[in-house]
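The values are calculated or read from the model by the stated rules, or taken from the named source; none is laboratory data. Predicted model only: the values in this text are computed from it and were never measured. Cβ atoms come from the backbone with ideal geometry, glycine included; neighbour counts cover every protein chain shown.
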Amino acid sequence: MLVVGVPFAYIKEVTYKMALIQCKFYSEVLKLSTSMTVILPQQTRSQIGMEGRVGIGDSKHQTLYLLHGYTDDDSIWTRRTSIERYVAPLGLAVVMPNVHKSFYTDMKYGDKYWTFLTEELPMLARSFFPLSEKREDNFVAGLSMGGYGAFKWALRCPDQISAAASLSGALDMAGHIQRSPVEPPEFFHLIYGEEDIAGTPEDLLWLVEQSGRMKEKPALYQCCGTEDFLYEDNQAFRRKCEEFGYGALTYQEGPGGHVWEYWDEHIQNVLQWLPLRKA
């Protein structure tokens, strides 16, 4: 367990010994105590069945911000997948924040989770751990609600994120609000207010339409199972990218539902796709 507030030099020594860290801290943006789960690269020579790599020279770690879905928290990726084992040989740090049911948004009637995600979280994580600030070293991925958050971060802040991946993402949020099988539209009023979000920065389809203004487009990786209830959302996003010439999109589909077996398999594809530094 990391104790926040101890000298940075001590934290750095501990993080190289601990591959998995559950970090409790106070958020000035949210004005509450919250948590993130962090995986840090660790060089291992004697641990049976594991191969690890710290990184290249003394450089700070490339970082994947890995976002949870609607009903989960920052611990879910480590509980439902083998993400720690998958990243061990890559020299890649993974930061998994907790945002509850916020849809990674500054809520109309709630807390400012968008500001927390895109501004405070990277700043705090880099103050605690040896993480790179460079755009080319920062990536984001997520499933379902987290896929929406990942693409929104990349498309709204292309100067921060070089690559983003969505697994079974809720990518047509304006339409999803009207046809959600989980929550009525009134629930989303707490997040977005009562106005239609189509054509606003909360709408991924609109953000793709505006992407021609970007100096450098983030690479996007999109996958969804053909039996997933969000499959049509994903088709809508894919068509929008084709319509507006967003050529930096890698798309993959195949059999699969909205289940952890699918996400455990496809997060491995995401890790292979990421533009990681060579050993």
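At-a-glance table
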read-out	value
Criterion violated by Glu265 - all others in (1) closer than 26 Å to His61 by Cα; (2) buried (at least 18 other Cβ atoms within 10 Å of the Cβ) satisfied	(2)
Condition check for Ser180: at pLDDT below 95 and hydroxyl-bearing (Ser, Thr, Tyr)	yes
Qualifying residue in the stretch 193-206 (condition: crowded, with 24+ Cβ neighbours inside 10 Å and of a type in the set (A, V, I, L, M, F, W, C))	yes
Residues located in the stretch 69-100, provided they are assigned to a loop (DSSP other than H, G, I, E, B) and among the acidic types (Asp, Glu)	Asp72, Asp73, Asp74
Any hit, the stretch 159-173, residues being in contact (Cβ under 8 Å) with a residue 60 or more places away in the chain and on the phi > 0 side of the Ramachandran plot	yes
Qualifying residue in the stretch 94-104 (condition: touching a Gly at 6+ places or on another chain (Cβ under 6 Å), of a type outside the set (Asp, Glu) and modelled with pLDDT under 95)	no
Residue count, the stretch 235-251 (criterion: surrounded by fewer than 14 Cβ atoms within 10 Å (Cβ to Cβ) and of a type in the set (S, T, N, Q))	0
Number of positions in the stretch 102-125 that are without any contact (Cβ under 8 Å) to a residue 60 or more places away in the chain and over 13 Å from Gln160 (Cα atoms)	3
Within the stretch 34-55, tally of residues that are over 17 Å from Val95 (Cα atoms), hydroxyl-bearing (Ser, Thr, Tyr) and modelled with pLDDT of 65 or more	0
Count - residues of the stretch 139-167 that are surrounded by fewer than 21 Cβ atoms within 10 Å (Cβ to Cβ) and within 17 Å of Val270 (Cα to Cα)	0
